[in-house]
Every structure is written in C-alpha cells, then in structure tokens.
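What follows is one structure encoded as structure tokens, with my remarks underneath.
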Number of protein chains: 2
Amino acid sequence: MGIVVQKYGGSSVADPDAIKRVARRIVEAKKAGHDVVVAVSAMGDTTDELLDKANAVSPQPPARELDMLLTAGERISMALVAMAISDLGYSAQSFTGSQAGVITDSVHGKAKIIDVTPGRIESAIADGHIVIVAGFQGVSQDTKEITTLGRGGTDTTAVALAAALKADVCEIYTDVDGVFTADPRVAAKARKLDRVTYEEMLELAACGSKILHLRCVEYARRYDIPIHVRSSFSNLEGTVVTGSIEDLQENTMEAAIIAGIAHDRSEAKVTVVGVPDKVGEAARIFTALADAQINLDMIVQNVSAAATNLTDISFTLPRTDGQTAMATLAGLQAEVGFDQLLYNDKIGKVSLIGAGMRSHPGVTAKFFSSIADAGVNLEMISTSEIRISVVVAEDDVDAAVQSAHTAFDLDADEVEAVVYGGTGR
Amino acid sequence: MGIVVQKYGGSSVADPDAIKRVARRIVEAKKAGHDVVVAVSAMGDTTDELLDKANAVSPQPPARELDMLLTAGERISMALVAMAISDLGYSAQSFTGSQAGVITDSVHGKAKIIDVTPGRIESAIADGHIVIVAGFQGVSQDTKEITTLGRGGTDTTAVALAAALKADVCEIYTDVDGVFTADPRVAAKARKLDRVTYEEMLELAACGSKILHLRCVEYARRYDIPIHVRSSFSNLEGTVVTGSIEDLQENTMEAAIIAGIAHDRSEAKVTVVGVPDKVGEAARIFTALADAQINLDMIVQNVSAAATNLTDISFTLPRTDGQTAMATLAGLQAEVGFDQLLYNDKIGKVSLIGAGMRSHPGVTAKFFSSIADAGVNLEMISTSEIRISVVVAEDDVDAAVQSAHTAFDLDADEVEAVVYGGTGR
C-alpha cells in the first residue's frame, strides 16, 4: 500500500491524553500497511500563549523573530507525538518544516510554499519510521530563514507533503465529522457530505466555511490529491474532497445539484454614492484600495441614473480592513468627485454552492424565493458558475440559511450530533 | 572594538521583565561599541515543564525526540530576547544552534561540540545585528540531527562561539556576583575572587563549585578565551577566569597561594575490604566498574598488611551510581576473592585549591591541622599539584570548610551580600 498523509490540528493534540489518542490512530494506519506521514499543529493554546509572551516583551515584535518563536509550538507537539508513538512500540521520527524540505518564499507570517524537497522524509519512510512533520512552517528559499505559513498552514503543509510524496490520500483530522451542507449551529438539520468536488470546496471555503482553508484546497486541486476531512474523535468516514465538476457530471447522473450553503459574518459593506459615470473612475477607486493592501470580495455597480449620469459602487471587504478602506476613499473624494461614503458592518453573506446548478435552470430563482419567504431583504447579489451569494442584514443570516437549506431539500431526516468548530492552523 | 560573547542562564530570562532587563544590558554593550553575540538558555522552568510533558506521553522517550522537544525552550527564549532588543530600537537576529553552526557528535542528550562554523553569525554581525544564539544545542555532523549538550551546555555554547569568533571575552551572566573563595552559604565570610586561572577553576568545578561547568572551562582554556563570570542583577565586576599558573607566577609576585575551598556532598564512598594484593586484582575491579559506565573520583589503596597480604581499596563516586557499582562489585566477589563491600553515602568532600600551593611548603599540613582543629576526622586524602581533597563525614563538611577558610586568611573583613545558586544549563 502507499503513503497516507494525516493532519492533526491543535485541538487534536491539546494535552497528553489527546496526543496518546492521536498516536494510537496513527499506529492503526501503520498496522493497516500504510506508510504514514503526519503533519501536526501546535498543542491547543500554545500559539496564543507564545503570542502573549511576545507582546509582553514588545508591542511590535519583528516578523522574523515572531516566526522563530511560533515555530517552537509545532516543535513541541511533533516531538511529543513521536514519543507517544514510540511508547506504543513503533518507531517515529519528527522533522521541522525546514528538515522536511518545506521551501517557502520569504514573507514572514504568511509565507507560501514554493517547493517541497522531501529527501529526509523519504529516507525515514524507507527505514520504516512513521514520520511526524511540524505543520505551519518552512524555510525560505533565498535566505534560509524560518517562516510560518499563516492561517490554515498545517492543512497546507499536509497537502503539500501528500503531493510531493505522491500519497494516496491526505486525511485532515479535525473536531467535526466532515463537511456539512450548512453550519449545524445555524441549520440544525445540516447533513454531512460524503463527497464534494475541489471547486465546490473552494467556493465553500471562500464563502465562510471554516473547515478547510482556501490555500489547502487550491493546492490539493492543483496536484489532484484527495482530501479526507474527518473527526479525530470518532472512526466515522468523513467527507472526501476530490474530482472536478466534469468528472462528477460524467460519472454520475445523480450528482447533487447543491453541495451546501455557507455563510460569513466577517465582512462589511462600503458604498460609494454618486460616482461620475466616466471611464476610469471605478479604476481609480479600486487601484487606491489595492495600493492599501485591501482584499475586496463582492463588487456591485448599479446602472447609472440617466438624469444625473452618476452611479453607486458597493463592495464588501473584511471588517478588519473597514477603517483603512474608508480613510483611503475619503482621501480620494475631491479627486473623484463622488457624493458620499456609506459603511455598514451589520451585514452577512449567504452563499449557495453546487456544481449541479450550472446545468439546472431555476436554482437562482428558487434561492431568492426561499430567502424572500423568510422575510429577508437582499442587499447585494453576486454569482459564479457554481455559486450564488447574497448580502443580507447580519441578523437575517440564520433565517436565510435555514429557509434555503429546506427549500433545496438538504435537511437530514434526523438531526446529526456534531460539534462544529475548526482551528486556525 | 571587538566581539563580546555574553551568556544568560535560565534565571536571567525567567520572565518578560527579566528578558527586558537582559535586553537593556545587551544594548549597553552594543552602545559601548562592541559587536555582541549572546547565548541564552531556556526561560526559568521551561525545560522541566517540557520534560513533564514528555513523561506524560512516554516513560522512556527516545533521546532523539527528547532533544527535539527540549530545544524548543531556547528557541522561545532567544526569539523573545531578540524582540525585546528590537523594542529598544536595536536590530537583533536569533539563530538556532544548527543555524549558528554549532556542530556536535551524535550523542543525544550529552553531545560534544566538535566544530563551530559561524558563517551566518559573522554575516549578521557584519550587517550590524546583535546576534542571539540558542544555547545548549547543536546539529550532529554526520546525521544532521538536532542534539543537546547536557548540563552546562549553554556555558559551553558561549565559550565555543567566543573561540570561533575570536571574541575578546566571554561574559557568563549568572545569579551570583562571581567565583567565591568558598560557598557563602557555608562560609559566611567568603570573598569574591577578582581573578582565577583556568587550572584553578577546573579544580574548583571538579570539586563541587557549581558556578561554571568543567567542559566550559576546559574549552576556554584550550582556546585561551577569558571568561568573565558576573551577576545579571548588578553592574559589579565579577571574576575573570584567565591565564595559566605559569603566567600567574611570572607576572605577579603576590599571587594568592589559595584560590578557594570547594565542597561536594553528591558523592558516596565504596570500600572493597580484603583484596588479595596480587598483580591485576585492582585492574579487574576498575575494569568492571568502567564497563558499567561508572565515573570514579578519588581512589585510595592502603599498603597491604604483611601478615595477610590483603589490602583495602576505597573510592568515591556519584551517589546516583552507588547501587550500580555495588551490584557490579558483588558479582565480582567470587572471582576476585575479597572479603566484603562497604558503602557509605553520608560523606562529603572538601578541597583546597590554589596554584600557589605547589611552591609553598606547609600548605598540606596547615590544611589538615585546620580540619583537626575543628574536631573533624579525615577518611580519605587525595592530592594534585594545585589541590588537596579530603573526605569527611557529611555532617562535618561545614565545620571543615569554615575552619580552613579562616586558617588560610580567606575571610573577608565584611560579609558580602550574595545569593548563591547556579543553573543547570
């Protein structure tokens, strides 16, 4: 049998008992005949504790040193996991990101993996060891500095290792049973998906699902690595993320139209009112925002009112960037000549995602109707081939999710007992 | 000006305030015009906490993984020290032992430094950075595995860096004011030494002084690096360890006869009674003990009684090795044919050390007299050119130290206020 890569997040290795449980699960995979490579996050709150220490000595710690500090977290957890495996009579060796050949760019705090050179891991596998790799970290190609990958980093480490090692599957162990049709805290009847395509998972991740980070899914799609998202607290099968929409449509007539409904309460909406409807005005606005390093999400421009030749431009963005965006735009008012700026952070985004929708007419109408039936008003609309997103008032998000979940027949017959969470790295 | 290497132990970086204090001291040295390279230990109790975690997942953790785990401790402290320096407006970069080029053998848990290739450190110095290096750790030459240096490791790291960088001095910051003529907790009138030779410091370290580890002093002597032992809690000058006995005698007529008195309560005494006084019997005993990895200290053999042609052999050894030694010897009784084994762990060793004693007759007699004056009986005696050691009952150690301290005019006029301690790495 081939190589299996497993990833365990911080809550799965939070304390010695959790680490022992993880070790037993790893050994089971080894006993089943697989070569096993494991990426681990730091234990539970370790990262926050290290950040507290950093803040206690410096309000603005240098990014290089912050990466040096934080990477101690995975170093601790990986060594402990290797020890726990050894205690079960199996041989394990742990490797830092640098030792494992996780090569990144030089952007401290959110480095991107640009190559994986897993020579030491392959030697360790050949020698019969179970291999434990520190997630979330790497070494920069040019400067040989220690880097961290930012949010979702350990998932990305796991998928990158799976790709480099040509693994059969990358198992992401987490504290939920898999990917659900909606957040079960909002839609109590949400069902676990057995399978979802990369494209759908990308849209789910981009639209607020916290299960897998966007970068990890992008990486898996590029290298065609199946991801199995499953619980580290049970032996249930989870959700397999694999295959393209085309595969899905070729191979099964019964592909679900809709994969699920995601929601996101982390954004704010900015409206620039009364922008002169001339060539280049919108470009000026968005260039200024890009220069301020602000990532926009949905962008909507209304048709200009013929009488005034003025238009309104609305966009959504992370709330954390809201004040920067408003200050940037205010500085542009004289030059562009718009009337006023509106800011609203009491909004939420609800997204319907499904590869089937592009061949099924009427999905959009049904989605809007279901939201209207819940008495919820739409503030913005944006669509892609396999996604429809709407912005609603923050307080209306739950009602909109529930109504659409029922309308698209996603409700489970019985409520499944799940814990919904998800860790940051 | 040249390079200064500083070492800060665990108690000097125990918490954020301590780290900030250390950072200010480092910056002072930089302001004074030195290039500064710093070796740091793990914060306070970090090492013990990591060991607790290891024991919680495995009673016998593999040595490789234990080293991987423990090296996280210095990684944390060095990054925090660099951040605190940065907060003072100076640029600092931290480096692991591996990055700093500390090359060791492959013995996990007590690796020996075999080379230092400080290319990255020299580049960082050339770029104007203050350099912080993780103490106590390195990377093995053959296998590129992370290693730790064992007790006194950070002192050794500091001296090895000083040697490789051709530093002017290696400053060892600790929680005492320097090297004293005796342990001030025992001899209240102990005086701080301004200067002591490498040889004397080696004897002091070997005879129970906890200030500097033997390996660190050996390294400093081999590469002729002056060590300045001083307090991280004051600005007082400490003790400079430098120069050979020959230098001392050539350069100053007033060299002190005696450097100090050390004592050690960590040993036990074994006596093999009634050993046949034949060629090869003693060799058999000591070969068996060496095979059991037991390090002996003092060894004494009495003249054999002519009537019986039997002799007694006594030796001291670490108490922790006592049971192993007794079991080893018991297994030898039939073969060697000795009468019985005696074991006594209620002993202490008191040593008088001074380069001047070899040219001053009467030192030995005065030492023995001072101990006799205190009503203390001698159980074993051993001498070298610059040291006399005696074994006494454990309860008599304090009285022997005090009496000799006074007899050799070592008492200070006033009692100096000191804290005496010393950290393990």
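When the alpha-carbon atoms of the stretch A:297-358 are used, the pair Rg, Dmax equals 15.2, 47 angstrom. Using the 10 angstrom Cβ neighbour count as an exposure proxy, how do A:C216, A:C207 rank, fewest first? Placing the least packed residue first, the sequence is A:C207, A:C216. Take the Cα of A:L310, step 7 Å toward its Cβ, do the same at B:K166, and the gap between the two points is 7.5 nm. The mean count of C-beta atoms from other chains within 10 Å of the C-beta of residues in A:83-92, rounded to a whole number, is 4.
Applying D = kT/(6 pi eta Rh) to the stretch B:57-107, where Rh is the Kirkwood radius over alpha-carbon pairs, T corresponds to 37 °C and eta to 0.692 mPa s, the Stokes-Einstein value obtained is 254 µm²/s. Local charge for A:S91 was computed over the other residues whose Cβ lies under 11 Å away, with Lys and Arg +1 and Asp and Glu -1, and equals 0. Farthest toward the positive end of the dipole of the stretch A:307-400, out of A:Q340, A:G354, A:T311, is the Cα of A:G354, where the dipole comes from beta carbon charges about the Cα centre.
Of interest is the spacing of the C-alpha centroids, which for the stretch A:51-130 and the stretch B:21-62 amounts to 19 Å. With a ≥ b ≥ c the root eigenvalues of the C-alpha gyration tensor of the stretch A:3-175, is it rounded (a/c under 1.5), prolate (a/b larger than b/c) or oblate? Oblate, because a/c is 1.5 or more while a/b does not exceed b/c. Straight-line cross-link reach from A:K278 at under 20 Å between alpha-carbon atoms covers these aspartates and glutamates, not counting any fewer than eight positions away in the same chain: A:D312, A:E335, A:D339. Given the C-alpha centroids of the stretch A:283-297 and the stretch B:308-351, what is the distance between them in whole angstrom? Comparing the Cα centres of the stretch A:283-297 and the stretch B:308-351, I get a distance of 82 Å. Residues in the stretch B:258-275 carry Karplus couplings, in order, of 10, 7, x, 10, 10, 9, 8, 10, 9, 10, 10, 10, 10, 10, 9, 9, x, 7 Hz; the curve used is 6.51 cos²θ - 1.76 cosθ + 1.60 with θ = phi - 60°, and Gly or Pro positions show x. Model label sites at A:D373 and A:D409, defined 7 Å from Cα along the beta-carbon direction, differ in position by 1.4 nm. Computed 3J(HN,Hα) for the stretch A:86-97, one whole-Hz value per residue from the Karplus formula 6.51 cos²θ - 1.76 cosθ + 1.60 where θ = phi - 60°, is 4, 5, 8, x, 10, 8, 10, 10, 9, 9, 5, x, glycine and proline marked x.
Rounded to the nearest 0.05, what FRET efficiency do B:R358 and B:R284 have when you use their Cβ-Cβ distance and R0 = 22 Å? About 0.05, to the nearest 0.05. Amide H contacts for B:A268 (H built 1.01 Å from N in the peptide plane; partners 5 or more residues away or on another chain; cut-off under 5 Å): B:L317, B:R319.
Proximity of backbone amide H atoms, modeled 1.01 Å from N, is registered between A:F95 and A:I132, A:V133, A:A134 at under 5 Å, excluding neighbours fewer than 5 places apart on the same chain.
Scaled against 2.2 N^0.38 Å for its residue count N, the alpha carbon radius of gyration of the protein assembly as shown is 1.22. For B:L193, the residues 5 or more places off, or on other chains, whose built amide H falls under 5 Å of its own are B:V179, B:F180, B:T181.
The trypsin sites (Lys or Arg not before Pro) of the stretch A:139-206 meeting both criteria, a DSSP state outside H, G, I, E and B (loop) and at most 10 other C-beta atoms within 10 angstrom of the site's C-beta, are A:K166. For the stretch A:198-213, 3J(HN,Hα) computed residue by residue from phi via the Karplus equation (6.51, -1.76, 1.60; θ = phi - 60°) reads 4, 4, 5, 5, 4, 5, 4, 5, 5, 9, x, 5, 9, 4, 10, 7 Hz, glycine and proline entered as x.
Other residues within the sphere of radius under 10 Å centred on the Cβ of B:I3, judged by their own Cβ, net out at -2 (K and R +1, D and E -1).
A compact globular protein would have a Cα radius of gyration near 2.2 N^0.38 Å; the ratio found for chain A is 1.06. Using the Cβ-Cβ distance between A:N344 and B:R319 with R0 set to 60 Å, the FRET efficiency works out to roughly 0.20. Spatially close Lys pairs in the stretch A:1-147, defined by Cα atoms under 17 Å apart and a spacing of eight or more places or different chains, total 6. Remark: mean inter-chain Cβ contacts per residue of B:325-334 equal 0, using a 10 Å Cβ-Cβ cutoff to other protein chain atoms. If you add up the charges near B:S232, with Lys and Arg at +1 and Asp and Glu at -1, over every other residue whose beta carbon is less than 15 angstrom from its beta carbon, what do you get? The answer is -2.
The sum of -39500 (n - 2.57) across all DSSP H runs of n ≥ 4, divided by the residue count of chain A, sets its helix-only mean residue ellipticity at 222 nm to -10500 deg cm²/dmol.
Just so you know, all these numbers are worked out from the coordinates, no wet-lab data involved. It should be emphasised that the depicted structure is a prediction, and the values quoted were computed from it without experimental measurement. All Cβ positions, even for glycine, are placed from backbone atoms using ideal geometry, and neighbour counts span all protein chains on display.
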